[in-house]
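A quick write-up on the structure given underneath.
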Amino acid sequence: MLKSFQGYQPKQAFLSLFTGIVLWLPVFFFDTSKITFFHISQCPAEQIFRFASSLPFIPVLIFSFLFWLFIGYLLIWLNRKYLFLETRTFFPLFLSLTVIPLTGFRFLITTQALTLPFIFLAVDRIFSSYRKNGVDFSFYMAGFWIGIASLIWIHAAYFLIIIFVGLLIFRPFYIREWLVSILGVFTPWYFFGGIYFLVNLNLKGFFIILQNSYYDLPVMVSGNLFLLIPLFYFVVLILMASIRILFAYNLLKLKNRKAFQVFFWMACLLVAFLLIYRDSYLYFGPVTMIPFIYLISIFFISGKASFLKRIIFDLLILVILASSIYRIIIS
């Protein structure tokens, strides 16, 4: 089955989309009264998304699927532009449509997940600076996109660290590039604070919003251990893929090595965040997908589709299906 998903032909795109639809179908059998399909956390831009909490199940489901399909496209687009996976492939699309079933459909989308497109744009600006001169504006825009993301999920501001990591990896030290990155992050906040002041004629409420957004994190409701098995399997895949990339690291092109260095530090930041806020990990867990999906993709698409790889991939499909079926049973 693995061979059918490798490559960059229309067949692989269709199979990834079709498999994603099939794996999402069990959600129709869930007890919708026990699931928050669109979880809205406190954030500066909360009122923009508040209307979504009252939408019926079907529109939210369709929007969620299309959103994760769009994220799959962004995963493909970023690799197609910089080729750090060494080849073009639709495999990240398949993973993006199955990462939500791995969480057991506790919910389909969160405000934290909505920051992903802006994080992709920031990473794109970092990668575009490789061996180029006059890239101040690129790093300003990287900071700007992180600033937009932090209006949706304030903790996304921590991704400024990734911009600094990119500066260390891709660029010689120019203080102006560091300063414009910080300026880019604060630009959306400047306009947001200005608009809030014009509407409310004071900034006290603005700072209260910041405080509530930072400290009021949603707490995960305890679930059945069986629903965590897919996540454990995903972690095992990450470990196997990490070992694979370590052995092949010196064979990668210099540009690709630098890209995976950025992904490595992004993964470290996200793991640290998961450990600190472990009671809320299912709410922002999908944000961790960028480095790990690329890591797992290169594990499955590089080299030959050996018997062991095919078994591991088939087990991944079975684990997702088993999790979804079990979720139907307990609903």
Pairs needed: first member in segment 181-208, surrounded by 15 or more Cβ atoms within 10 Å (Cβ to Cβ); second member anywhere, of a type in the set (Ser, Thr, Tyr) and part of a helix (DSSP H, G or I); C-beta distance under 6 Å; at least 6 residues apart or different chains.
Gly184/Tyr140; Phe206/Tyr196
Under 19 Å from Leu269 (Cα atoms), out of contact with any Ser or Thr (no Cβ under 8 Å at 6 or more places or on another chain) and buried (at least 21 other Cβ atoms within 10 Å of the Cβ), is that true of Ile162?
yes
Given the condition over 30 Å from Ser302 (Cβ atoms), among the hydrophobic types (A, V, I, L, M, F, W, C) and within 21 Å of the chain's Cα centre (by Cα), answer yes or no: does some residue in segment 80-93 qualify?
no
Segment 192-228, subset closer than 30 Å to Leu321 by Cα and in a helix (DSSP H, G or I), residue modelled with the highest pLDDT:
Leu228
Boolean, Leu74 is crowded, with 16+ Cβ neighbours inside 10 Å, modelled with pLDDT of 85 or more and assigned to a helix (DSSP H, G or I)
yes
When segment 115-136 is checked residue by residue, the ones that are modelled with pLDDT under 85 and either under 17 Å from the mean Cα position of the chain (by Cα) or not polar (S, T, N, Q) (or both) are Tyr130, Arg131, Lys132, Gly134, Val135, Asp136
Answer yes or no: is there a residue in segment 65-83 that is over 27 Å from Ile229 (Cα atoms) and out of contact with any helix residue (DSSP H, G or I) (no Cβ under 9 Å at 6 or more places or on another chain).
yes
Can you list the helices (runs of 4 or more DSSP H) found entirely within segment 242-331 that contain at least 3 residues being at pLDDT 85 or above?
254-276, 289-301, 307-330
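The values are calculated or read from the model by the stated rules, or taken from the named source; none is laboratory data. All values reported here derive from a predicted model rather than from experimental measurement. Cβ coordinates were reconstructed from backbone atoms using ideal geometry, including for glycine residues, and neighbour counts include every protein chain displayed.
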